[in-house]
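Enquirer: Handing you a structure now.
The values are calculated or read from the model by the stated rules, or taken from the named source; none is laboratory data. Nothing here was measured: the structure is a model prediction, and the numbers come from that model. Please note: Cβ atoms are built from the backbone with ideal geometry, for glycine as well, and neighbour counts cover all protein chains shown. Just the protein is used for accessible areas: all its heavy atoms, side chains included, with ligands, DNA and RNA removed. Shrake-Rupley method; radii C 1.70, N 1.55, O 1.52, S 1.80 Å.
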Amino acid sequence: MLRVFVNMCVYIQKERSVVPVLAHDRVPLVSGGVKQLLGGWGAVKSFAYLGLSLCSLPSAKKSKGQPESWWRWLKAALLLSSAAVGGLLSWSYLSTEDGVTEVLAHHRDSLQDKFIEVPCSEDYDSHKRFEGCTPRKCGRGVTDAVITREEAERIRRIAERGLALGGSDGGASILDLHSGALSLGKHFVNLYRYFGDKIQDIFTEEDFALYRIYQLRTKLSSKEVIMVNEGEYRRSRRGVSRSMWCCVLCSDVRQRIQQRIAQAFGISSASMYLTKPTFFSRINNTEAKTTHDEYWHPHVDKVTYGSFDYTSLLYLSDYTEDFGGGRFVFMDTGSNKTIEPRAGRVSFFTSGSENLHRVEKVHWGTRYAITISFTCNPDHGIGDPVLT
């Protein structure tokens, strides 16, 4: 490439007088030219124009006394111009790669509901179909109206306390209260078998004292349920275990998210079943140690987990306040669509290839979320978590 430019410059110097060119008329350097410099073939053309312009910068013809210094100057100028344009192109690529083409949900906005319908992929055809549930209408949605920020903060405390028992050596840790899977070093352990009775001490009454219960699927009496709803938790607890309250909290959140998904896609929530894996995630900028830490790769949930039909994420921390990077990116043909996490925000989507997605690398801080997934196949359903 350098040899080509040198030859072109020699030709130009021979064919016309040399005039300093600081801004070529075909490449405005500020207004309008930035887009041309940063985009596709425009970048290639701009690079060529920039090189040709630099070739004309020497104000004196090549003389017998200064041939070597002239060529050194020319090579340095070309190398510097290449580095500058390469940096601009890298910035352009990373901006597009990070999914800034379109932001579906800014972290500062409080969204009642936002839904975008997209054509369904063929992924569901290779699995058994369940009428009234298997996606025929596909898309993605986001809402800040299902879970409050206060509830998200309380759920985050559960995640923090559970993950404090372990944690990956790399940047991505998970806690699955259903299976008991917990990241520990470079491996996973079963939370219940590994720690035994210690897990009963990671939750406190304060975590749930003010939480309003909407649907209580336990063997409590009706009087106790009423007292709980009135915030009389401490006086009506009557031996109910802390683990049971964790179960109630997660169950209620799950049911509300499930109902919102069913409403958006026009199906019955009763036809949807919680499926695995459903888990807490904690991500920071620690270097990946194993493939399990490489959370940023594009993927399709239906391909990765065949049971998935609908995926949802409840964010438990705030983009730009608790962490940088870590945005959720839908990778559409020709563009990316980005969701900026916000505590209490729920994003949901059909799990097929129509919603290829990834998560940006977290640059600083810690990102918390919980993935809650649903299937239409009752054989793949799981119950709500119960800590014993």
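Enquirer: Apply the Kirkwood formula to the range 135-198: the hydrodynamic radius equals the inverse of the mean of 1/r over all pairs of different alpha-carbon atoms; give it in Å with one decimal. Provide the component values of the computation, followed by the final result.
Expert: Numbers: mean 1/r = 0.0719 Å⁻¹.
Hydrodynamic radius (Kirkwood, Cα only) of the range 135-198 equals 13.9 Å.
Enquirer: Also, I was wondering about something else. In nm, to one decimal, how far is the GLU294 label point from the ASP201 one, both placed 7 Å along Cα→Cβ?
Expert: My value for the distance between the label points is 3.9 nm.
Enquirer: Can I ask one more? Of all accessible surface on the range 115-168 at a 1.4 Å probe, what whole percent is carbon and sulfur?
Expert: With neighbouring chains kept in place, the figure for the range 115-168 is 46 percent.
Enquirer: Per Stokes-Einstein, at 37 °C and 0.692 mPa s, what whole-number D in µm² s⁻¹ belongs to the range 292-388, with the Kirkwood radius over Cα pairs as the hydrodynamic radius?
Expert: Working: Rh = 14.5 Å.
Translational diffusion coefficient: 227 µm²/s.
Enquirer: Quick one: if you stick a label point 7 Å off each Cα along the C-beta vector at SER268 and ASN285, how many nm between them?
Expert: It works out to 5.0 nm between the two label points.
Enquirer: Roll a 1.4 angstrom probe over the protein heavy atoms and tell me the percent of accessible area of the range 289-388 that is carbon or sulfur.
Expert: On the way: 1710 of 3350 Å².
Using a 1.4 Å probe with all protein chains present, the range 289-388 comes out at 51 percent carbon and sulfur.
Enquirer: Pull out the extension gain between VAL303 and LYS137, defined as 0.36 nm times the separation in residues minus the alpha carbon to alpha carbon distance; nm, one decimal.
Expert: On the way: separation 166, 0.36 × 166 = 59.76 nm, distance 1.84 nm.
The VAL303-LYS137 span can extend by a further 57.9 nm.
Enquirer: Just the number please: accessible area per residue for the range 304-371, 1.4 Å probe, all protein chains included, in Å². Before the final figure, lay out each step's value.
Expert: Numbers: 1730 Å² over 68 residues.
Per-residue value: 25 Å².
Enquirer: Would you please give the residues with an amide H less than 5 Å from that of VAL362, counting only those at least 5 places away or on a separate chain, with H modeled from the backbone geometry?
Expert: GLY326
Enquirer: Now, a different point. Would you mind getting me the FRET efficiency between ILE382 and LEU80? Use the beta-carbon distance for r and R0 = 51 Å, nearest 0.05.
Expert: E(calc), rounded to 0.05, equals 0.30.
Enquirer: Here's a follow-up. Kindly write out, for the range 299-313 in residue order, the coupling ³J(HN,Hα) from the Karplus curve 6.51 cos²θ - 1.76 cosθ + 1.60 (θ = phi - 60°), rounded to whole Hz, with x marking Gly and Pro.
Expert: 7, 10, 4, 5, 7, 5, 10, x, 6, 5, 10, 9, 10, 9, 10
Enquirer: For ILE382, which sequence-distant residues (separation of 5 or more, or a different chain) have an amide H within less than 5 Å of its own amide H, given hydrogens modelled in the peptide plane?
Expert: LEU274, THR275
Enquirer: Can you give me the orientation-averaged projected area of the convex hull built on the Cα atoms of the range 299-348, in nm²? Don't skip to the end; give the middle numbers.
Expert: Numbers: hull surface 16.5 nm².
For the range 299-348, averaging the hull's shadow over all directions gives 4.1 nm².
Enquirer: Related question: Determine the dipole magnitude for the range 278-335: charges of +1 sit on the beta-carbon of Lys and Arg, -1 on that of Asp and Glu, nothing else is charged, the reference point is the Cα centre, and the result goes in debye to the nearest 20. Show your work: numbers first, answer last.
Expert: Details: 4 positive and 9 negative charges, 27 e Å.
Its charge dipole is roughly 120 debye.
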